[in-house]
1. Looking at Ile60, is it closer than 24 Å to Leu139 by Cα and loosely packed, with under 15 Cβ neighbours inside 10 Å?
2. Could you list, in sequence order, all residues of the stretch 181-201 that are among the hydroxyl-bearing types (Ser, Thr, Tyr) and within 14 Å of Ile138 (Cβ to Cβ)?
3. What pairs can you find where one residue is in the stretch 2-16 and assigned by TED's automatic domain parsing to the domain that holds Leu49, the other is basic (Lys, Arg), and their Cβ atoms are less than 8 Å apart, with a gap of 6+ or different chains?
4. Which residues, counting only those in the stretch 151-179, are hydrophobic (A, V, I, L, M, F, W, C), modelled with pLDDT of 90 or more and closer than 19 Å to Met98 by Cβ?
5. Being modelled with pLDDT of 85 or more and surrounded by 22 or more Cβ atoms within 10 Å (Cβ to Cβ) is the filter here; which residues of the stretch 103-120 pass it?
6. What number of residues within the stretch 160-174 satisfy the criterion of being surrounded by fewer than 20 Cβ atoms within 10 Å (Cβ to Cβ) and closer than 15 Å to Gly86 by Cβ?
7. Just to be sure before I move on: is Gly157 crowded, with 16+ Cβ neighbours inside 10 Å and either assigned to a helix (DSSP H, G or I) or aliphatic (A, V, I, L, M) (or both) in the structure I sent?
8. For the stretch 194-216, indicate whether the set of residues that are of a type in the set (S, T, N, Q) and surrounded by 15 or more Cβ atoms within 10 Å (Cβ to Cβ) is non-empty.
Amino acid sequence: MKNKGLIITAALSLIIAAAAIQILPDMIPAHFGLNGEVDRIGSKYEVFLFAAIVVITSVIGILLRRKFEHDAEKAQDEKTSSHATGNAKVCGIVCTAMNAFMIGLECIFIAMGYNGVQHITGTAGELYCSATVILIGILFAVLGNIMPKMKMNGLMGIRTSWSMKNEDVWTRCQRMGGTVTFFGGIAIILSGIILRGYPALAAMIIIFTVIFAVMIKGSHQIYTDWEKEQNNG
């Protein structure tokens, strides 16, 4: 089954949410303030928000995969068809990875709710935030490994006016972006391990900014170098 990963993760998220409401108290911690303390109490049924996001991501992933497969069928040459087929597979992997990330957040949310509001301290809130940062770092590391496999398209990958010039530039940009995203993910994981709470979140935002800036600057530099190669050739 082509969409097995998406279907399994969607079903798993719904099963986890359905099981969780059987053991969670009616009201659970839903948000934490800058000090790590609970600043909003919500219904246990809010756990289904995570499942809803996973289901929506799965539907989007299935539709995008079908779109790429349709492009492959309409392709006029074997190379274009192969690229579209490859992107269909990558799309499925990316959306499945995002689903796994959301299931991780769902489990953290349930664990915090199970402890009960009266047992949540600033330290626990900080651990919740740090665990979330670590999960985001893992997601980035996974996506960094996937990016170099993306063929030229208008939906996924580094899409700048420079990276979209031709396939050669595109390929170089995705390799660069994959490397930056992977090591950025590792840095985010380390920030979640070393720091606690919102300092870890602040470090993650800084790393995000650096990753984005390097990708933009890098894609421009790659295109500039490619132009020089063509002129010198």
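1. Details: closer than 24 Å to Leu139 by Cα: yes; loosely packed, with under 15 Cβ neighbours inside 10 Å: yes.
The answer is yes for Ile60.
2. If the condition is that a residue be among the hydroxyl-bearing types (Ser, Thr, Tyr) and within 14 Å of Ile138 (Cβ to Cβ), then Thr181, Ser191 are the ones that fit.
3. Lys2/Arg65; Asn3/Arg65
4. Scanning the stretch 151-179 gives a single hit, Ile158.
5. Glu106, Phe109
6. Result for the stretch 160-174: 2.
7. no
8. no
The values are calculated or read from the model by the stated rules, or taken from the named source; none is laboratory data. The model shown is predicted, which means the values in this text are computed figures rather than measured ones. Heads up, the Cβs are rebuilt from the backbone with ideal geometry, glycines too, and the neighbour counts pull from every protein chain shown.
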